[in-house]
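The values are calculated or read from the model by the stated rules, or taken from the named source; none is laboratory data. These numbers come from a predicted model, not from an experiment. Here the Cβ positions follow ideal geometry from the backbone for every residue, glycine too, while neighbour counts run over all protein chains shown. These area figures cover heavy atoms from the full protein model, side chains too; ligands, DNA and RNA do not enter into them. Shrake-Rupley method; radii C 1.70, N 1.55, O 1.52, S 1.80 Å.
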Amino acid sequence: QSFKLLGFLDVKNVPCARESVLYGSLGSLVTGLGHFLATSRVRRSCDIAVGGFICTMLGYWFYCRYNLAQQRIRQRMLKEGMKNRILFEGSYLDPEKEQTGSERSDS
């Protein structure tokens, strides 16, 4: 069963959404409680907690999405390399093929 945050963010199917919300709520708790213990001002602490939630959630969202994009790029490069290895294996373009003396003089 899917859970939509604010009516549009599908937490189950969107990568990094669940972790961002969880870390955002933890950041909210830490900043709000920390500010309350330091100042004993309830309303201001709630405002700080909301700001902490937003900043922590967005910060982790961008961090996670950046790492996900890097991982997808590495996977694409690895897939392309595996395809090329299968394609060139055994041919004269194979980089792992041992070259004989006559082949070394040609290249």
Worksheet item: Can you pull out the residues in the stretch 63-84 that are loosely packed, with under 13 Cβ neighbours inside 10 Å and in contact with a helix residue (DSSP H, G or I) (Cβ under 9 Å, 6 or more places away or on another chain)?
Response: none
Practice prompt. From the list G51, G24, G32, pick out the single residue that is free of Cβ contacts under 8 Å to residues at least 40 places away in the same chain, under 21 Å from D10 (Cα atoms) and either open to solvent by less than 50 Å² (accessible area, probe 1.4 Å) or not in a helix (DSSP H, G or I) (or both).
Written response: G24
